[in-house]
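Asks: Pasting in a structure now, in structure tokens, and then I'll have a few things to ask.
The values are calculated or read from the model by the stated rules, or taken from the named source; none is laboratory data. Just so it is clear, the structure is predicted and the values come from calculations on it, not from any experiment. A quick note on method: Cβ atoms are made from the backbone with ideal geometry, for glycine too, and the neighbour counts reach across all protein chains shown. Accessible surface areas use protein heavy atoms only, side chains included; no ligands, DNA or RNA. Shrake-Rupley method; radii C 1.70, N 1.55, O 1.52, S 1.80 Å.
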Amino acid sequence: MTRRSPPPTTTLGIEPSPPTTTTTCKHEENPPPKPGLIRRSTVSQLSTSFLNSYVGLLSLIAMLLCAAASSATIALSHNAPISSWRVQPSVLLSIFSAASNVAFASALATGVAVRYWLSVSRGASLSQLHYIWEHGHSGLVGFFSGLKAGSHARKVVLLATLASTCQFITAPLLQRSTHTEVQERKSQDVLRMDLASEIPDGWMGNIDANRLVIGFRRGMVQTQRWWKNETMLTRNETGYRCEGDSEAGSERAATCVGYVKGFGLAHSCWTEDYGLDLGTSETDYSPVLLINTTRPDNGTEQQPKPYLRLKTEYLSHIDGDCMGTITREICDLEAGVVEYPVTVQEGTVISLRREELTKMRVLKKTASHGDSMSAKEGDGAGPLAGINSFAISYLQENATKRTNKILNRTLYWGPGLMADIFFTPNVGSFYNNTGEGGDGVTVDPIARCRLNFSSPTEYILNTLHEWTFRAALNIGNSTRDMDNRTSDQVFEVQRTVPAVVYRADMRYLGASIATTVLCLGFVGSLMWGWWRLKRKVTLSPIETANAFGAPILTRHQVEPDAGVDQILQRARDVELRVTGATV
């Protein structure tokens with residue numbers, strides 16, 4: 001059995017060379033190099049028109065594709081709901097950024113290698129070649145030394161540093177290019193609501209001998225709900241609910257705004273003023289805040305025209321002589337069909353837009369026998385009679401002026417709550433510099449007659465409209481399954497759904513594209529001239545050693561312009577050992 005010999009081992013002794021010794025390449029016919037430069041002998045044969053840097057070019061193309069994919073992701077996600085993207089754009093941007101970094105590292109390594117071998121072919125000092133090689137492996141290490149080494153090294157150091165800087169800041173710019181925000185998506189829709197367009201006689205109770213209402217139990221239910229401000233609800237069924245986008249989970253956040261037809265009140269108002277002297281006790285018991293409703297009838301027995309009259313009076317102004325102005329506001333209300341300004345939220349919650357209640361559109365006016373003067377005791381009470389009964393019991397007020405002779409001040413007294421709600425105290429005006437008080441402080445001389453009130457008319461009208469709407473909604477919901485009902489209302493709404501969407505910031509996107517283009521330009525400048533190289537080149541030390549004619553490789557018949565793969569084919573099993581050094 002033949003024993004196989006071990007591969008040859010070469011020992012490289014590290015010894016100082018004699019001062020006069022000059023290291024040259026293998027071909028002696030070439031002229032000796034200039035001091036400090038490498039001879040252009042073997043490596044000059046690398047300059048041919050051959051595409052050898054395909055890896056670097058593909059890396060540049062990959063960087064460009066990653067930038068295009070990132071830009072497309074940001075552009076396509078702009079204004080898109082987050083639910084429409086199974087993978088978040090930020091995740092895709094991270095993937096594209098990571099792929100771009102890999103491609104950049106490959107392109108930069110190729111560019112530095114190309115620049116290294118082009119510098120060798122043209123002649124460069126060892127220090128320049130070292131710093132060029134170092135920037136292909138260690139980044140910013142030796143930055144300032146490389147700038148001082150020479151033009152070849154300086155070009156590589158600057159281009160590689162600029163390219164790395166651009167690549168570094170591209171990713172944060174892309175991340176800032178997209179963000180989320182809440183947007184209101186508006187669309188037209190149609191809803192249904194069970195709202196009665198008439199309130200039948202007798203639903204509110206019956207007429208007594210004084211034309212008042214008895215048996216007001218259904219009206220009492222509406223009053224309790226109004227007083228407690230209970231939530232008004234529509235049916236929790238498809239077509240009635242204000243539904244959001246189910247895939248976005250925004251059903252409860254949807255808002256539907258529209259105008260629904262139902263039984264209501266048409267009103268017309270006018271105003272008049274008169275004076276009241278607050279400086280004398282002779283005007284005591286004069287009203288300073290009055291809220292009153294009556295039920296006249298301008299029609300005939302054959303054609304009744306009942307209406308509800310609301311009269312409010314309030315002390316609106318006082319001059320320096322304690323002369324006050326009483327403003328009287330009178331509103332006549334008639335039964336009819338109106339368009340209520342409704343808002344449906346959280347699916348089924350109904351609310352009225354109070355700022356629009358006094359401006360409702362009146363579709364028609366109606367008259368009821370139960371509201372007319374011809375209604376007899378025991379007849380079913382009409383809707384105006386029920387509304388009047390509610391107003392008398394809970395909204396009526398008659399606050400009057402009183403003079404307190406001990407305090408020498410004008411006060412008011414009222415049996416209800418409304419006077420306190422609409423009274424304007426003007427606390428800060430009691431003291432000033434116009435007179436002396438009993439305890440040494442200055443007293444406003446007209447503070448004794450300050451009884452200003454704000455107008456209660458709009459509040460009372462809005463309350464009557466809301467109370468009537470609650471009654472119509474109650475009737476509509478309770479008669480839903482009856483034949484020939486008039487409570488199924490269909491109306492158009494504007495549906496608003498708050499949606500979380502992606503938003504693109506074109507400023508950051510443009511900046512990231514600009515840095516990517518600069519990065520491609522810097523790396524491309526490093527690779528410029530690759531067509532002059534015959535083969536694919538690297539920064540492998542054995543490739544450099546072979547180009548310089550290292551004996552350990554020439555004795556294995558390695559061609560001087562061989563690449564790494566060819567060198568390894570012939571000298572793969574050569575073992576190297578460095579003596580005289582600590583490893």
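Asks: Which number in (1) part of a loop (DSSP other than H, G, I, E, B); (2) in contact with a Phe, Trp or Tyr (Cβ under 6 Å, 6 or more places away or on another chain) marks the one condition that Gly262 misses?
Replies: Unmet condition: (1).
Asks: Is there any pair with a first residue in segment 115-128 that is under 7 Å from Gly150 (Cβ atoms) and a second that is among the acidic types (Asp, Glu) whose Cβ atoms are under 7 Å apart and which are 6 or more apart or on different chains, and what are they?
Replies: none
Asks: For residues in segment 200-239 being under 14 Å from Ala381 (Cβ atoms) and open to solvent by 90 Å² or more (accessible area, probe 1.4 Å), which is nearest to the chain's Cα centre (by Cα)?
Replies: Among those that are under 14 Å from Ala381 (Cβ atoms) and open to solvent by 90 Å² or more (accessible area, probe 1.4 Å), it is Arg218.
Asks: Could we say that Val362 is open to solvent by 40 Å² or more (accessible area, probe 1.4 Å) and under 17 Å from Ala472 (Cα atoms) here?
Replies: The answer is yes for Val362.
Asks: Quick check on segment 77-117: of everything there that is hydrophobic (A, V, I, L, M, F, W, C) and farther than 27 Å from His179 by Cβ, which residue is farthest from the chain's Cα centre (by Cα)?
Replies: By that ranking, first place goes to Trp117.
Asks: Take segment 365-397 and flag every residue that is open to solvent by less than 70 Å² (accessible area, probe 1.4 Å) and under 27 Å from Asp420 (Cα atoms).
Replies: If the condition is that a residue be open to solvent by less than 70 Å² (accessible area, probe 1.4 Å) and under 27 Å from Asp420 (Cα atoms), then Gly386, Ile387, Asn388, Ser389, Phe390, Ala391, Ile392, Leu395, Glu397 are the ones that fit.
Asks: Does segment 537-549 contain any residue that is surrounded by fewer than 16 Cβ atoms within 10 Å (Cβ to Cβ) and under 19 Å from Leu108 (Cα atoms)?
Replies: The answer is yes; a qualifying residue exists.
Asks: Would you check which residues across segment 59-114 are open to solvent by less than 40 Å² (accessible area, probe 1.4 Å), over 30 Å from Trp531 (Cβ atoms) and of a type in the set (S, T, N, Q) and list them?
Replies: Result: Ser70, Ser71, Thr73, Ser77, Ser97.
Asks: Another question about this same structure. Of everything in segment 178-213, what is touching a strand residue (DSSP E or B) at 6+ places or on another chain (Cβ under 6 Å), among the polar types (S, T, N, Q) and part of a loop (DSSP other than H, G, I, E, B)? Give them in sequence order.
Replies: The answer is Ser197, and nothing else.
Asks: Out of the helices (runs of 4 or more DSSP H) lying entirely within segment 472-559, which hold 1 or more residues that are among the aromatic types (Phe, Trp, Tyr)?
Replies: 506-527
Asks: Give the number of residues within segment 280-304 that are of a type outside the set (Gly, Ala, Ser), modelled with pLDDT under 90 and loosely packed, with under 15 Cβ neighbours inside 10 Å.
Replies: So the answer is 7.
Asks: Do you know which residues across segment 463-472 are under 38 Å from the mean Cα position of the chain (by Cα) and open to solvent by less than 10 Å² (accessible area, probe 1.4 Å)?
Replies: Thr463, His465, Trp467, Phe469
Asks: Next question, about the same structure. Looking only at segment 75-118, how many residues end up being among the basic types (Lys, Arg) and farther than 30 Å from Thr538 by Cβ?
Replies: Here the count works out to 1.
Conditions (1) outside any loop (DSSP other than H, G, I, E, B); (2) of a type in the set (A, V, I, L, M, F, W, C), marked per residue:
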position: Glu377; (1), (2): no, no
position: Ala385; (1), (2): yes, yes
position: Ile392; (1), (2): yes, yes
position: Asn398; (1), (2): yes, no
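Asks: Would you mind listing the strands (runs of 3 or more DSSP E) fully within segment 266-360 where at least 1 residues are more than 30 Å from Asn236 (Cα to Cα) and in contact with a Lys or Arg (Cβ under 8 Å, 6 or more places away or on another chain)?
Replies: The qualifying strands (runs of 3 or more DSSP E) are 287-294, 308-318, 323-345.
Asks: Identify, please: which residue in segment 71-96 is aliphatic (A, V, I, L, M) and assigned to a loop (DSSP other than H, G, I, E, B) and is, among those, nearest to Met506 (Cα to Cα)?
Replies: Across segment 71-96, the extreme among qualifying residues is Ala80.
Asks: A further question on this structure: I'm told Thr170 meets every condition in (1) among the polar types (S, T, N, Q); (2) open to solvent by less than 30 Å² (accessible area, probe 1.4 Å); (3) in a strand (DSSP E or B) except one. Can you identify the failing condition by its number?
Replies: So Thr170 meets the others, but not (3).
Asks: Quick check on Thr579: is it touching a strand residue (DSSP E or B) at 6+ places or on another chain (Cβ under 6 Å), open to solvent by 40 Å² or more (accessible area, probe 1.4 Å) and at pLDDT below 75?
Replies: Yes.
Asks: For Ala419, state whether it is at pLDDT below 95 and closer than 14 Å to Leu308 by Cβ.
Replies: Considered against the rule, which asks whether it is at pLDDT below 95 and closer than 14 Å to Leu308 by Cβ, Ala419 comes out as no.
Asks: How many residues does segment 361-372 hold that are modelled with pLDDT of 95 or more and in a loop (DSSP other than H, G, I, E, B)?
Replies: Final tally of qualifying residues: 0.
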